[in-house]
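Here the structure comes first, spelled out in structure tokens, and everything after it is commentary.
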Amino acid sequence: MDTVVREMACKSALHRHNSKWLPYKYDINVYRGCAHQCIYCYALYSHAYIGGGSFHREVYVKTNIAAVLQKELRRFRAETVNLGGVTDSYQPAERDYKLMRKVLPLLADHRVPITVCTKSPLILRDIDLIKQVDAAGGAKIAFTITTLDGTVAKLIEPNAPSSSARMDAVRTLRENGITCGVHLMPIIPYLTSDEDDIEAVFSAARQADASYVLAGALNLKGETRPLFMDSVRQSFPSEYGLIRALYSDKAAYRAYKKNLYTVLDKLRKKYSLPIYERIPARQEPEQLSFWDA
């Protein structure tokens, strides 16, 4: 499935959301849509705000986002901002547009703490800028790694970089002193939920010196459900009936999740990997003047 890249001008860069579950209140999305084409993507709904279209086949590039952000940061209180709430900031278009290399210095200048979750080792290109942001306000990076089984990964995340390349990038960021975790999510029943498969990710994360592992079950809502089910039916016909039955039976799904989180708790203790690591508070320089603020 080919992806078409289109340019657009944005009116705002910082987006405030009201979720009580997230550890941050603001997102910056330098793109709309995502070329990775993951079958479980929760963000398919977001294209409705720009007049529809295919989230996976039409990627919109916010070419003026750095200029807009620069204006907004003049009156922004420096609290944590998540880069890429509904898309991957380091998807293929970023190789050409390099928007993150314009956005990150602005956040460093204003001492804004950041989080970034990606599936792309392209983020290593910007280690120099991430270090600047980290020193100024704090930075926490994460890689979504759903499975180390390359065959399964290629079917559920067809255009994303390999899981092994992502885990290598975790190691590189940690070697450079950057907080970097693994998001083992979503865990897909019958496809990536086997205990041995999950343990393989925990073991690799430990070897890569990951700061934490955040894991979670697959929830199917809205536009995601039909796309996911259709993809599973085509790529995993043997598991399709089992998955469909599980998500049609609330009691069975609750039992599955209870068992899954029991396994996760056991592995978390075995590999000494916390569930989350917050950005450490940065100390203001002594004798900071008004003009430096």
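The values are calculated or read from the model by the stated rules, or taken from the named source; none is laboratory data. Small disclaimer: the values here were computed from a predicted structure and weren't measured. Positions of Cβ are backbone-derived with ideal geometry, glycine not excepted, and every protein chain shown enters the neighbour counts.
Please tell me if Y49 is modelled with pLDDT under 95 and over 20 Å from the mean Cα position of the chain (by Cα). So Y49 fits the description; yes. Of the residues making up region 134-156, those that are in contact (Cβ under 8 Å) with a residue 40 or more places away in the chain, surrounded by fewer than 22 Cβ atoms within 10 Å (Cβ to Cβ) and not aliphatic (A, V, I, L, M) are G138, T144, D149. Condition check: at pLDDT below 95 and loosely packed, with under 14 Cβ neighbours inside 10 Å. Does S54 satisfy that? It is false that S54 is at pLDDT below 95 and loosely packed, with under 14 Cβ neighbours inside 10 Å. Being part of a helix (DSSP H, G or I) and polar (S, T, N, Q) holds for only one residue in S193, S164, and it is S164.
Total residues in region 268-293 satisfying the condition of being modelled with pLDDT of 95 or more and within 22 Å of the chain's Cα centre (by Cα): the figure is 2. In region 76-92, of all residues being crowded, with 23+ Cβ neighbours inside 10 Å and of a type in the set (A, V, I, L, M), the one that is farthest from N29 (Cα to Cα) corresponds to V81. Return a yes/no flag: does region 223-240 have any residue that is at pLDDT below 95, surrounded by fewer than 18 Cβ atoms within 10 Å (Cβ to Cβ) and either polar (S, T, N, Q) or over 24 Å from the mean Cα position of the chain (by Cα) (or both). Within region 223-240, not a single residue is at pLDDT below 95, surrounded by fewer than 18 Cβ atoms within 10 Å (Cβ to Cβ) and either polar (S, T, N, Q) or over 24 Å from the mean Cα position of the chain (by Cα) (or both). Is region 208-218 home to any residue that is surrounded by fewer than 13 Cβ atoms within 10 Å (Cβ to Cβ), in contact with a helix residue (DSSP H, G or I) (Cβ under 8 Å, 6 or more places away or on another chain) and closer than 22 Å to P274 by Cβ? Yes.
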